[in-house]
Amino acid sequence: MQLLLFGAPGVGKGTQAKLLSTKFNIPHISTGEILRQAVKDENELGKKAQEIMNRGDLVPDDIMIGIIKYRLNKNDCNSGFILDGFPRTEKQAQALDNLLHEMDRGHIKLIHIYAEEEEIIKRLNNRRACKECGQIFTLNEIKDKDSCPNCVAKNSFYLRDDDKEEVIRKRMEVFKETTEPVLKYYQSKGKVVSVNGLGSVEEVNKEILKALGF
Ligand SMILES: [Zn+2]
């Protein structure tokens, strides 16, 4: 099971990645995690990437692909992986295809969790976090409550910056610009599985599994 996970900010991608990782016993690999691990392992490419990032520059594709290769060669990837945050360009997608071919690994599938932008905004805007314990609630769950159901803190609910409309819109714009070409690339190869992200966590998970043939 080799998966790429795509989804607009706020669509619940992280939660689904966790569920899939547990279900198939494959690691959820984010590019941030790979980079940190490579640096920790004192991998040569990792060190190079670190220097580049320290200068505030973007890690070039060839180094990134090298680090991904290093990560996919680890034993926990034997029966697959979920890659999150890569590829971000068509060129990177091609490089990843080449890498998988070179490593003699099978096909990759892209799971695209989609939802109407306005629906995502409505959903996120409807969330409140507790500033004491960090738990997130919907407005409906805390209606008529003046203390947190989780930690009983008083008047601790607030709208997180990440859940504010203007912040979400900006992140979505960036997401669309960077991911559309990648999506098209995989669509042209018939490797995209699209799943509606607006249901409950369980519903979306079921949809994904069904789309993958489980
Ligand atoms: Zn709380």
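The values are calculated or read from the model by the stated rules, or taken from the named source; none is laboratory data. This one's a predicted model, so the numbers in the text were calculated from it and none came from an experiment. Cβ placement follows ideal geometry from the backbone for every residue including glycine, while neighbour counts extend to all protein chains displayed. In case anyone asks, the SASA skips ligands and DNA or RNA and just uses the protein heavy atoms, side chains included. Shrake-Rupley method; radii C 1.70, N 1.55, O 1.52, S 1.80 Å.
Figures for the structure shown
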item	result
Under 5 Å, built H, 5+ apart or other chain: amide partners of S156	C148
From phi via Karplus (6.51, -1.76, 1.60), per-residue ³J(HN,Hα) for the stretch 88-101 in Hz, x at Gly/Pro	10, 9, 5, 4, 5, 5, 5, 5, 5, 4, 4, 4, 5, 5
Length added when fully stretched, N25-S200, from 0.36 nm per residue minus Cα-Cα	60.8 nm
Residues with amide H under 5 Å from that of K109, placed H, sequence gap 5 or more	Q2, L3, L4
Per-residue HN-Hα couplings for the stretch 34-42 [Karplus 6.51, -1.76, 1.60; θ = phi - 60°; Hz; x = Gly/Pro]	4, 4, 4, 5, 4, 5, 4, 6, 6
Cα gyration tensor category, rounded, prolate or oblate, for the chain with a/c compared to 1.5	prolate
The stretch 199-214 - phi-based ³J(HN,Hα) in whole Hz, Karplus 6.51/-1.76/1.60, Gly and Pro as x	x, 6, 3, 5, 4, 5, 4, 4, 4, 4, 4, 4, 5, 8, x, 10
Loop-located GluC sites (Glu not before Pro) in the stretch 45-125, at most 14 other Cβ atoms within 10 Å (DSSP)	E116
The stretch 1-142, accessible surface, carbon-and-sulfur percent (1.4 angstrom probe)	46 percent
Relative contact order computed over the chain (Cα-Cα under 8 Å; 6+ residues apart), in percent	28 percent
Angle in degrees between helix 165-188 and the longest Cα principal axis of the chain, rounded to the nearest 10	30 degrees
Computed [θ] at 222 nm, deg cm²/dmol, the chain (DSSP H ≥ 4; -39,500 (n - 2.57); rounded to nearest 500)	-15000 deg cm²/dmol
Per residue, in Å², the accessible surface of the chain once ligands and nucleic acids are set aside, probe 1.4 Å	57 Å²
Virtual paramagnetic centre 7 Å along Cα→Cβ of T89, amide N under 12 Å, in the stretch 97-141	none
Neighbour-limited loop hits for trypsin sites (Lys or Arg not before Pro), the stretch 1-73 (at most 15 other Cβ within 10 Å; DSSP other than H, G, I, E, B)	R55
Theoretical gain in end-to-end length, F214 to C133 [0.36 nm per residue, Cα-Cα removed]	25.5 nm
Given charges at Cβ of Lys, Arg, Asp, Glu: the chain dipole, positive-most of L45, N126, N140	N140
